[in-house]
Amino acid sequence: MDQRRPLIAGNWKMYKTCGEAVETAQALKQLVSDVTAVDVMIAPAFTALSQVAEVTSDSNIQLGAQNLFWQEEGAYTGEVSPSMIVSAGCQQVIIGHSERRQYFNETDQTVNQRIAAAIKHDLVPVFCVGETEAERESNITFSVLDKQITTGLQDIALEDLATLVIAYEPVWAIGTGKTATSEQAQEVHQFIRSQLKEAYGADFSEAVRILYGGSVKPANIAELMAMEDVDGALVGGASLDAETFSQIVRYEI
Ligand code: 13P
């Protein structure tokens, strides 16, 4: 029996106006209203969060932001603080997505500060890690992931990591249609869990949820979820359509 409750999360990235986001959330709410065995989360753009929260607040859908800044407040034009995200209705926050690292210069150190800030505000951090195609081809996938995880979680106490979710998203599989095979995902997830066991012990490593992300679709979710160490998915493109995303959420039904 798997002790870890599956989480299927949708990262809407920079898609959808407020109206479109509300419409999709309303449709999704109907389509997954009877789902009880899986946690469901959607992460719209900042601008749509509070309106989507009105739709999801009385549903089984959790709300996530796609990023946060670690300062409480101040002269940081264009940034959004943890309290702002909480006040918009979020329970979760995606941190360290490869697109943030690639286009917005986020580093393992800034990811670490964001994770610490999320935890301080009782937000579930969905901490993204993953190797590039060049790194995989150079056979350094494991060392890249080890560094991302070690630095990303540096100086955070074990008791503060209780809600942590890790999302393994191989950069070469994001938006490319190239999904990692379920065996490739399992191999990496198992590695991540073994590293976490070394650092934090078996109780933690057995309980932490590790999601897979990268071209997840209704057609491949079941085989990914059948893997022992795959506890859910972080879905990009296929989460934008309520019907398609609901099929992913309902992979077991
Ligand atoms: P795709 O599902 O579009 O490949 O995106 C994955 C992703 O980046 C989710 O965060």
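No value in this document is a laboratory result; all are computed from the given coordinates. Keep in mind that what you see is a predicted model, and the values were worked out from it rather than measured. FYI the Cβ positions are ideal-geometry reconstructions off the backbone, even for glycines, and counts take in every protein chain you see.
For the listed peptides 93-102, 244-253, 198-207, 178-187, a ranking on the average number of other beta carbons within 10 Å per residue, highest first, reads 93-102, 244-253, 178-187, 198-207. Taking a point 7 Å out from the Cα of Ala134 in the direction of its Cβ, the residues of segment 98-127 whose backbone N falls within less than 19 Å of it are 98-108. Evaluating 6.51 cos²θ - 1.76 cosθ + 1.60 at θ = phi - 60° for every residue in segment 71-78, the Karplus couplings come out as 6, 5, 6, x, 7, 10, 3, x Hz, glycine and proline recorded as x. Legend: residue pairs Lys147/Lys178; Lys13/Lys217; Lys16/Lys178, Cα-Cα distance threshold 18 Å; pairs beyond threshold, Lys147/Lys178; Lys16/Lys178. Could you work out [θ]222 nm for the chain from helices alone, using -39500 (n - 2.57) per DSSP H run of at least four and dividing by all its residues? Round to the nearest 500 deg cm²/dmol. The helix contribution divided over the chain gives -12000 deg cm²/dmol.
Looking at segment 1-149, send over the antiparallel percent of its DSSP beta bridges, to the nearest 5.
Details: 0 of 14 bridges.
Roughly 0 percent of the DSSP beta bridges within segment 1-149 come out antiparallel.
Amide H contacts of Ala167: Phe127, Cys128, Val129, Leu211, each under 5 Å away and 5 or more positions distant or on a separate chain (H built 1.01 Å from N in the peptide plane; Pro and chain starts excluded).
Between segment 217-253 and segment 1-48, the C-alpha centres lie 12 angstrom from each other.
Shown is the FRET efficiency for Ser143 and Asp122, computed with R0 = 35 Å from the Cβ-Cβ distance and rounded to the nearest 0.05: 0.60. Residues whose amide H falls under 5 Å from that of Val93, counting only those 5 or more places apart or on a different chain, are Ala65, Val124, Val126, with hydrogens built in the peptide plane. 3J(HN,Hα) along segment 34-42, derived from phi through the Karplus expression 6.51 cos²θ - 1.76 cosθ + 1.60 where θ = phi - 60°, amounts to 9, 7, 10, 8, 9, 7, 10, 9, 10 Hz, with x in place of Gly and Pro. Electrostatic bookkeeping for Asp160 treats Lys and Arg as +1 and Asp and Glu as -1; over the other residues with beta carbon under 13 Å from its beta carbon, the sum is -2. Along the axis of the charge dipole computed for segment 132-206 (Cβ charges of +1 for Lys and Arg, -1 for Asp and Glu, origin at the Cα centre), the listed residues Phe191, Leu164, Thr176 are led at the positive end by Thr176. Relative to the current alpha-carbon distance between Glu228 and Gln30, full extension at 0.36 nm per residue lengthens the span by 68.3 nm.
Rounded to whole numbers, the Karplus 3J(HN,Hα) couplings from phi for segment 231-242 are 10, x, 9, 10, 10, x, x, 6, 9, 6, 9, 4 Hz, using 6.51 cos²θ - 1.76 cosθ + 1.60 with θ = phi - 60°, and x at Gly and Pro.
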